[in-house]
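**Q** Here it is: the structure, laid out below.
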């Protein structure tokens, strides 16, 4: 299958969960580390890790190391590409 379609399918999967949408909304405002995200969510570390893995796999967020922390932020280019793809159907 074409890589473009695989990435788009992963993005749609990532965005099909309300908890992941909340994470994306938070990351739209600013970058967060996992501890900060956990304070905003109603679940534990293992569930957060699961959601972050799906979001990373979809390439809609990115991570960078800062000291002992991993800082998560939106990968805005992924949303721009998805918007271009969706605009073809409007």
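The values are calculated or read from the model by the stated rules, or taken from the named source; none is laboratory data. All values reported here derive from a predicted model rather than from experimental measurement. In this analysis, Cβ positions are derived from the backbone assuming ideal geometry, glycine residues included, and neighbour counts consider all displayed protein chains.
**Q** Output the residue which, of all residues in segment 52-72 that are closer than 13 Å to residue 34 by Cβ and under 8 Å from the mean Cα position of the chain (by Cα), is surrounded by the fewest Cβ atoms within 10 Å (Cβ to Cβ).
**A** Per the stated criteria, the residue is 56.
**Q** Now a separate question. For segment 31-56, what are the residues that are touching a residue at least 12 places away in the same chain (Cβ under 8 Å) and not in a helix (DSSP H, G or I)?
**A** 31, 32, 33, 41, 43
**Q** Now, a different point. Is segment 2-20 home to any residue that is loosely packed, with under 10 Cβ neighbours inside 10 Å and in contact with a strand residue (DSSP E or B) (Cβ under 9 Å, 6 or more places away or on another chain)?
**A** no
**Q** Please verify whether residue 46 is farther than 18 Å from residue 26 by Cα, at pLDDT 95 or above and either touching a strand residue (DSSP E or B) at 6+ places or on another chain (Cβ under 9 Å) or loosely packed, with under 10 Cβ neighbours inside 10 Å (or both), treating the condition exactly as stated.
**A** Judged against the criteria, residue 46 is a match.
**Q** Residue 5 versus (1) in contact with a helix residue (DSSP H, G or I) (Cβ under 6 Å, 6 or more places away or on another chain); (2) without any contact (Cβ under 8 Å) to a residue 60 or more places away in the chain; (3) in a helix (DSSP H, G or I): which is the lone unmet condition?
**A** Tallying (1) in contact with a helix residue (DSSP H, G or I) (Cβ under 6 Å, 6 or more places away or on another chain); (2) without any contact (Cβ under 8 Å) to a residue 60 or more places away in the chain; (3) in a helix (DSSP H, G or I), residue 5 fails exactly one: (1).
**Q** Another question about this same structure. Taking segment 57-83 as the region of interest, how many residues are touching a strand residue (DSSP E or B) at 6+ places or on another chain (Cβ under 7 Å), farther than 12 Å from residue 11 by Cβ and without any contact (Cβ under 8 Å) to a residue 40 or more places away in the chain?
**A** 5
**Q** Kindly provide the set of residues from segment 68-90 that are modelled with pLDDT of 90 or more and not in a helix (DSSP H, G or I), ordered by number.
**A** Passing the criteria: 68, 69, 70, 71, 72, 73, 74, 75, 88, 89.
**Q** Among the residues in segment 27-39, are any in contact with a strand residue (DSSP E or B) (Cβ under 6 Å, 6 or more places away or on another chain), surrounded by 14 or more Cβ atoms within 10 Å (Cβ to Cβ), modelled with pLDDT of 95 or more and closer than 16 Å to residue 7 by Cα?
**A** no
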